[in-house]
1. Pairs of lysine in the chain with Cα under 25 Å and at least 8 positions apart or on different chains: total?
2. For the chain, what does the relative contact order come out to in percent, with C-alpha contacts under 8 Å and a separation of six or more?
3. Rounded to the nearest angstrom and ordered from largest down, what semi-axes does the equivalent ellipsoid of region 6-75 get from its C-alpha gyration tensor (root of 5λ)?
4. Using DSSP to call loops (not H, G, I, E or B), can you name the GluC sites (Glu not before Pro) in region 1-47 whose Cβ has at most 10 other Cβ atoms within 10 angstrom?
5. Between ARG19 and LYS62, what is the label-point separation in nm under the 7 Å Cα-to-beta-carbon projection?
6. Please identify the longest segment of the chain free of exposed chymotrypsin sites (Phe, Trp or Tyr not before Pro), where exposed means a DSSP state other than H, G, I, E or B and no more than 15 other Cβ atoms within 10 Å.
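Values quoted throughout were computed directly from the atomic coordinates according to the rules given, and no laboratory measurement underlies them. What you are looking at is a predicted structure, and each value in this text was computed from that prediction instead of being measured. Glycine also receives a Cβ, built like all others from the backbone with ideal geometry; neighbour counts cover every protein chain displayed.
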Amino acid sequence: KPCPLCDEAKEALEPYQRRFMLQEVDITLPENSSWYDKYKYDIPVFHLNGKFLMKHQVDIQKFEDQLMKLELQND
């Protein structure tokens with residue numbers, strides 16, 4: 001903290017909050033050292049349903065496409 005890139009990403013994803021659950025992970029905590037080792041230079045990083053989706057900034061089109069695919073699979 002502070003993380004302006006993370007704040008920007010959360011703002012971009014805010015309109016979709018009813019369609020998914022956002023879980024933030026602080027990679028600087030000791031229990032998250034594996035995430036830190038993997039992503040220390042690439043924040044923010046986004047996973048959707050446990051799978052890597054994107055990093056650095058939100059690609060809204062990619063996010064929407066993948067979210068819709070996920071929703072269709074669950075129907």
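1. 20
2. Reported relative contact order: 26 percent.
3. Equivalent ellipsoid of region 6-75: 23, 13, 11 Å, largest first.
4. Those satisfying the criteria are GLU24.
5. Reported label-point gap for LYS62 and ARG19 is 1.7 nm.
6. 42-75
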